[in-house]
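Enquirer: One structure coming up, written as structure tokens, with questions to follow.
Here, each number is a calculation from the coordinates, and none is a lab measurement. On a predicted model such as this, the values are computed, not experimentally measured, just so you know. With ideal geometry, Cβ positions are generated from the backbone for all residues, glycine too; neighbour counts draw on all protein chains shown.
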Amino acid sequence: MRKILCFIALLLPWACSVKEERSGCPCELVVRCAEPLKTEGSVLVSVIQNNMVVKQGMMSREDFDAGLCSLSVPRQPSTVTVFSGITDMNTIDGRWLDITYDHQCDAVYSCCEFAPLKGESYECVVTPHKNFARLFLTVIGMPDGADATVTGPVQGYDLLDQTPIQGLFSCSPFIDEIGDEYCMRLPRQVDDALTLNIIQTGKPSIKIDIGRIIAQSGYRYDDPDLLDISLLIDLYKSSAMVIVANWEVGSFSLLEY
């Protein structure tokens, strides 16, 4: 019996009790959304302290919506980032969310929230915002047998603060069932460098600065929720028409390039 009591006495200094300083004990962090998530795919939650990811977890949309995201983290002021809608994008070194070459951006919604994490538990309620834009592209005068690709300078997102990370983005847009419209998802851009490349066998490629065309229409990539874009390119007239979702009905921009 004496040996058992001595063993318990040795354990007690290492345990957190109500009478002791508990700042060294972890905080149980629960992360949930203010409303059901708006997109399919997995959810990636990262906890950042002192500009480093100290805890990270991936779960299904169903589990996150059910309030099952619970992480044990050190008691320090933290930033919590949430990316939902992950299907094809990959994490690199736990720090970046990367778009695979020749793939479109996932339908990601994301957000950053501050969490003080001073007590035994903390509930962080988040509201992810739309961090991608659908591009609907129609090309009049598309050469027979030609292929289209869209290239740009943003390859993914920084998990610490949601900012776009620079790198080569290249994707062949999907063509709809009718065959007259291309569509794809774009990441948030940092400049106007998006380029449409029309590739023909045995002929020089046609390059159109669609990033500049979109910018001239008044589109803003710094909006919290990115709007979708419809872009009509007329190769015969060297003109373009841009329509942005949620703009006033009937409003559009007609531009030359």
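Enquirer: Can you give the convex hull volume per residue for the Cα atoms of region 132-256, as a whole number of Å³?
Expert: 114 Å³
Enquirer: Shifting gears a bit: Any idea which of Cys69, Phe174, Thr91 is furthest toward the positive side of the dipole for the chain, if Lys and Arg beta-carbons carry +1 and Asp and Glu beta-carbons -1?
Expert: About the Cα centre, the residue reaching furthest to the positive side is Cys69.
Enquirer: Can you give me the C-alpha center-to-center distance between region 118-157 and region 190-226, rounded to a whole angstrom?
Expert: Between the Cα centres of region 118-157 and region 190-226 lies a distance of 14 Å.
Enquirer: How charged is the neighbourhood of Met142? Take every other residue with its Cβ under 15 Å from the Cβ of Met142, and add Lys/Arg as +1 and Asp/Glu as -1.
Expert: Once all neighbours under 15 Å are counted, the net charge is -3.
Enquirer: Going by how many other beta carbons lie within 10 Å of each one, how would you line up Tyr109, Tyr219, fewest first? Each step should come with its number before you reach the end.
Expert: Values: Tyr109 23, Tyr219 20.
In order of increasing Cβ crowding within 10 Å: Tyr219, Tyr109.
Enquirer: Turning to a different aspect of this structure: Restricting the calculation to Cα positions, tell me the Rg (one decimal) and the Dmax (whole number) of region 23-129 in Å.
Expert: 13.7, 48
Enquirer: Given an 8 Å cut-off on Cα distances and at least 6 residues of separation, report the relative contact order of region 132-256 as a percent.
Expert: 28 percent
Enquirer: Could you list, bin by bin from short to long, the percent of Cα-Cα pairs of region 94-160 in 5 Å steps?
Expert: 3, 10, 16, 18, 14, 11, 9, 7, 5, 3, 2, 2, 1, 0
Enquirer: Follow-up question, since we're still on this one. Starting from the exponent 0.38 and prefactor 2.2 Å, build the expected Rg for the chain from its residue count and divide its actual Cα Rg by it. Spell out each step's value before the answer.
Expert: Details: Rg = 24.3 Å, N = 257, 2.2 N^0.38 = 18.1 Å.
Its radius of gyration relative to the 2.2 N^0.38 Å reference: 1.34.
Enquirer: Please arrange Thr151, Thr127, Thr91, Thr81 by counting, for each residue, the other beta carbons lying within 10 Å of its beta carbon, fewest first.
Expert: Going from sparsest to densest Cβ surroundings: Thr127, Thr151, Thr91, Thr81.
Enquirer: Below 8 Å, C-alpha to C-alpha, sequence gap of six or more: please give me the relative contact order for region 76-152 in percent.
Expert: It rounds to 31 percent for region 76-152.
Enquirer: Could you compute the net charge surrounding Trp96? Neighbours are other residues with a C-beta less than 12 Å from the C-beta of Trp96; K and R count +1, D and E count -1.
Expert: Once positives and negatives cancel, what remains is -3.
Enquirer: How high is the relative contact order of the chain? Use alpha-carbon pairs under 8 Å, at least six apart in sequence, and give a whole percent.
Expert: For the chain, the relative contact order is 16 percent.
Enquirer: Figure the gain on full extension for Ile175 and Asp63 (residue separation times 0.36 nm, minus the Cα-Cα span) and round it to one decimal in nm.
Expert: Here the segment from Ile175 to Asp63 would lengthen by 37.0 nm.
Enquirer: In deg cm²/dmol, rounded to 500, what helix-only [θ] at 222 nm does the chain give when every DSSP H run of at least 4 residues adds -39500 (n - 2.57) and the total is split over its residues?
Expert: Helix contribution divided over all residues of the chain: -2000 deg cm²/dmol.
Enquirer: What residue among Val139, Tyr219, Tyr122 has its Cα farthest toward the positive end of the dipole of the chain, where the charges are +1 on Lys, Arg and -1 on Asp, Glu, each on the Cβ?
Expert: Tyr122
Enquirer: For region 149-218, report the % of Cα-Cα distances exceeding 15 Å.
Expert: For region 149-218, the share of Cα pairs beyond 15 Å comes to 61 percent.
Enquirer: Assigning unit charges at the beta carbon (Lys, Arg +1; Asp, Glu -1) and nothing else, what dipole magnitude in debye, to the nearest 20, does the chain show about its Cα centre?
Expert: Here the size comes out at about 1220 debye.
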